[in-house]
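Data first, discussion second: the structure below is written as structure tokens.
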Amino acid sequence: MEKICFYNTKSYDKKYFDKLKDEYSVDVEYFRGKLREKTAVLSAGYDAVVAFVNDDIDEKTINTLYDSGIRILALRCAGFNNVDLKAAYGKIHIVRVPAYSPYAVAEHAMGMLLSLVRKIPRAYNRIRDYNFTLDSLVGFDLYGKTVGIIGTGKIGKIFIEICKGFGMKICAYDPFPAEETDIEYVSIEELCKKSDIISLHCPLNDSTRYIINKRTISLMKDNVYIINTSRGALIDSEALLEGLKSEKIGGACLDVYEEETDYFYEDKSDKIIHDDILTSLIGMNNVLVTSHQAFLTDEALHNITTTTLENLRCFFDGKSLENEVCIKCANGEKCKKNQGGRCF
């Protein structure tokens, strides 16, 4: 039975992995701390490491894991922008969960939009004080509004279908348009100009980093609403804050934040938050922030667990790694996975 070293453990992680670990013949040791260079030494004596999206898997961490005998690192998430793939190549195989529940994320995005547009959090807090007035609670219909979707992968397509159900008009930007669909693709500039609401559903890479910035915001309609349930660094936070302060942006729904690593998933209620942009965003009544929870459904957690354990079992049994990613294939190049089932 192989031994797995599990970092950045939360109560829901342990619940689902404990339920299925025997089925995959593995023993799991749970650590609360995040994976980084200083904690990577704890992996010595284990056969694999399981990490999360906000762990710091840089070159030093990779080298420490490798020196500790680790040859497989399983990400229990889809994103891998926190991994130095160049440093890992040839040393440690990186596997991930490419899709766990696109419905969970798309539905959360719409839930945030509805909550903010109809001012539900403000109404909820007011009612708890027995204040039943409707002052300052005027929202607007989603019906007939144009929503611009940046990224039309699985999540983006599901969000489009949800928006269609509300009678919304759709336009989209994606450098790799989906084939055989009726999606209206436009340039990023045109999307910004014609959209009442913009929702981000794309991965974070060199071409998408700060895709929402001072320039693109200047092209947007006045009172535009922005939703981000993908990756924080898709948005230049300073430009977003300035857009909100100037009232160019009418509202923002943020499940992610570019500097979230030190804050999200942790209880900081008794600490001083030193990130002035984050505290400013949280303090605005036209901004709704959730702590990277869009994925958090029973179905998604079950799928994350089974895919992660299946990835590890395939590695241990010498099988091909369908969900492996390396610096080459991540950059669109051919790697050995095409022939031998593994990236190297």
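Out of 152, 181, report the one residue that is at pLDDT below 95 and of a type in the set (S, T, N, Q). Quick ask: steps written out before the conclusion?
On the way: 152 fails: at pLDDT below 95.
That would be 181, the only listed residue that is at pLDDT below 95 and of a type in the set (S, T, N, Q).
Can residue 33 be described as free of Cβ contacts under 8 Å to residues at least 40 places away in the same chain, more than 25 Å from residue 153 (Cα to Cα) and in contact with a Gly (Cβ under 8 Å, 6 or more places away or on another chain)?
Criteria not met by residue 33.
Can you pull out the residues in the range 35-51 that are crowded, with 21+ Cβ neighbours inside 10 Å and assigned to a loop (DSSP other than H, G, I, E, B)?
Across the range 35-51, the qualifying residue is only 35.
For the subset of the range 156-171 comprising residues that are of a type in the set (Lys, Arg) and in a helix (DSSP H, G or I), which member is surrounded by the fewest Cβ atoms within 10 Å (Cβ to Cβ)? Spell out how you get there, then give the answer.
Kept after step one, since they are of a type in the set (Lys, Arg), are these residues of the range 156-171: 157, 164, 169.
Still in the list and also in a helix (DSSP H, G or I): 157, 164.
On the way: 157: 19, 164: 12.
For the range 156-171, the residue satisfying everything is 164.
Considering only residues that are of a type in the set (A, V, I, L, M, F, W, C) and open to solvent by 10 Å² or more (accessible area, probe 1.4 Å), look in the range 64-81 and name the one that is nearest to the chain's Cα centre (by Cα).
So the first thing to find is which residues in the range 64-81 are of a type in the set (A, V, I, L, M, F, W, C), and the list is 65, 70, 72-75, 77-78, 80.
After this cut, where a residue has to be open to solvent by 10 Å² or more (accessible area, probe 1.4 Å) as well, the list is 78, 80.
Values: 78: 8, 80: 10 Å.
Ranking the qualifying residues of the range 64-81, first place goes to 78.
Does residue 217 meet the test of being over 20 Å from residue 78 (Cβ atoms), open to solvent by less than 30 Å² (accessible area, probe 1.4 Å) and either hydroxyl-bearing (Ser, Thr, Tyr) or not in a loop (DSSP other than H, G, I, E, B) (or both)?
Details: over 20 Å from residue 78 (Cβ atoms): yes; open to solvent by less than 30 Å² (accessible area, probe 1.4 Å): yes; either hydroxyl-bearing (Ser, Thr, Tyr) or not in a loop (DSSP other than H, G, I, E, B) (or both): yes.
Against the criterion (over 20 Å from residue 78 (Cβ atoms), open to solvent by less than 30 Å² (accessible area, probe 1.4 Å) and either hydroxyl-bearing (Ser, Thr, Tyr) or not in a loop (DSSP other than H, G, I, E, B) (or both)), residue 217 qualifies.
So for the range 320-328 (the condition being touching a residue at least 60 places away in the same chain (Cβ under 8 Å), under 23 Å from residue 22 (Cβ atoms) and either part of a loop (DSSP other than H, G, I, E, B) or touching a Gly at 6+ places or on another chain (Cβ under 9 Å) (or both)), does at least one residue qualify? Even if it seems obvious, please write down each step before you answer.
Filtering the range 320-328 for residues touching a residue at least 60 places away in the same chain (Cβ under 8 Å) gives 321, 323-328.
Filter again for under 23 Å from residue 22 (Cβ atoms), leaving 321, 323.
Add one more test, that the residue is either part of a loop (DSSP other than H, G, I, E, B) or touching a Gly at 6+ places or on another chain (Cβ under 9 Å) (or both), and what stays is 321, 323.
So far as the range 320-328 goes, yes, one or more of its residues are touching a residue at least 60 places away in the same chain (Cβ under 8 Å), under 23 Å from residue 22 (Cβ atoms) and either part of a loop (DSSP other than H, G, I, E, B) or touching a Gly at 6+ places or on another chain (Cβ under 9 Å) (or both).
Within the range 274-309, how many residues are open to solvent by less than 30 Å² (accessible area, probe 1.4 Å), under 23 Å from residue 242 (Cα atoms) and part of a loop (DSSP other than H, G, I, E, B)?
Residues that pass the stated criteria total 3.
Considering only the range 116-155, state which residues are free of Cβ contacts under 8 Å to residues at least 40 places away in the same chain, part of a helix (DSSP H, G or I) and not basic (Lys, Arg).
Listed by number, the residues that qualify are 120, 123, 124, 125, 127.
Could you say which residue among 271, 245, 319 is loosely packed, with under 15 Cβ neighbours inside 10 Å, under 30 Å from residue 220 (Cβ atoms), more than 16 Å from the chain's Cα centre (by Cα) and of a type in the set (Lys, Arg)?
245
May I ask you to list the residues in the range 8-34 that are under 19 Å from residue 267 (Cβ atoms) and either crowded, with 17+ Cβ neighbours inside 10 Å or in contact with a helix residue (DSSP H, G or I) (Cβ under 9 Å, 6 or more places away or on another chain) (or both)?
8, 9, 12, 13, 15, 30, 31, 33, 34
Say we look at the range 220-242 and pick out the residues that are outside any strand (DSSP E or B) and of a type in the set (S, T, N, Q); which of these is nearest to the chain's Cα centre (by Cα)?
230
Residues are listed down the side, and each one gets a yes or a no for (1) under 21 Å from residue 316 (Cβ atoms); (2) in contact with a Leu (Cβ under 7 Å, 6 or more places away or on another chain); (3) modelled with pLDDT of 95 or more:
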| position | (1), (2), (3) |
| --- | --- |
| 42 | yes, no, yes |
| 45 | yes, no, yes |
| 59 | no, no, yes |
| 64 | no, no, yes |
| 69 | yes, no, yes |
| 72 | yes, yes, yes |
| 87 | no, no, yes |
| 98 | yes, no, no |
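For residue 289, which of the numbered conditions (1) touching a residue at least 40 places away in the same chain (Cβ under 8 Å); (2) touching a strand residue (DSSP E or B) at 6+ places or on another chain (Cβ under 6 Å) fails to hold?
Every listed condition holds for residue 289 apart from (1).
Within the range 101-109, is there a residue that is open to solvent by 30 Å² or more (accessible area, probe 1.4 Å) and touching a helix residue (DSSP H, G or I) at 6+ places or on another chain (Cβ under 8 Å)?
yes
The values are calculated or read from the model by the stated rules, or taken from the named source; none is laboratory data. Quantities reported herein were computed from a predicted structural model and do not represent experimental measurements. Please note: Cβ atoms are built from the backbone with ideal geometry, for glycine as well, and neighbour counts cover all protein chains shown. Calculation scope for accessible area: heavy atoms of the full protein, side chains included, ligands and nucleic acids excluded. Shrake-Rupley method; radii C 1.70, N 1.55, O 1.52, S 1.80 Å.
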